[in-house]
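The values are calculated or read from the model by the stated rules, or taken from the named source; none is laboratory data. These figures come from a predicted structure and were not determined experimentally. Here the Cβ positions follow ideal geometry from the backbone for every residue, glycine too, while neighbour counts run over all protein chains shown.
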Amino acid sequence: DGEALRPAQVSWQNRDQLRFVLRQGKKRQIRRMCELVGLTAVGLKRVRIGKVMLSDLPDGQWRYLRDDETFG
């Protein structure tokens, strides 16, 4: 949509996987970033939202925040 986005940090995890750290996420942003450099995003997995780790949360599920958790 032509809107400038905040910078993202991108690093290689291994020869097949990239790690993206976004400060602002837009629909299909990661897929478009990959396409711009000739890569195809085959799958995406969100591992954290703000300071909340999602490691034990099954795909498609949700949970209430604990008292000590915030997205900030």
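Numbers at a glance
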item	result
Any hit, region 3-12, residues being modelled with pLDDT under 90, among the aliphatic types (A, V, I, L, M) and either loosely packed, with under 10 Cβ neighbours inside 10 Å or not in a loop (DSSP other than H, G, I, E, B) (or both)	yes
Residue match in region 21-40 (condition: among the small types (Gly, Ala, Ser) and closer than 21 Å to Gly2 by Cβ)	yes
From Ser55, Ser11, residue being among the hydroxyl-bearing types (Ser, Thr, Tyr) and touching a Leu at 6+ places or on another chain (Cβ under 8 Å)	Ser11
Pair list, Cβ under 9 Å, 6 or more apart: region 44-72 residue over 20 Å from Phe20 (Cα atoms) and free of Cβ contacts under 8 Å to residues at least 60 places away in the same chain, other residue assigned to a loop (DSSP other than H, G, I, E, B) and among the aromatic types (Phe, Trp, Tyr)	Leu65/Phe71
Tally of residues being of a type in the set (Asp, Glu), surrounded by 11 or more Cβ atoms within 10 Å (Cβ to Cβ) and in a loop (DSSP other than H, G, I, E, B) across region 22-56	0
The one condition in (1) at pLDDT below 90; (2) outside any loop (DSSP other than H, G, I, E, B) that Phe71 fails to fulfil	(2)
Qualifying residue in region 19-36 (condition: touching a Phe, Trp or Tyr at 6+ places or on another chain (Cβ under 7 Å) and either free of Cβ contacts under 8 Å to residues at least 40 places away in the same chain or not basic (Lys, Arg) (or both))	yes
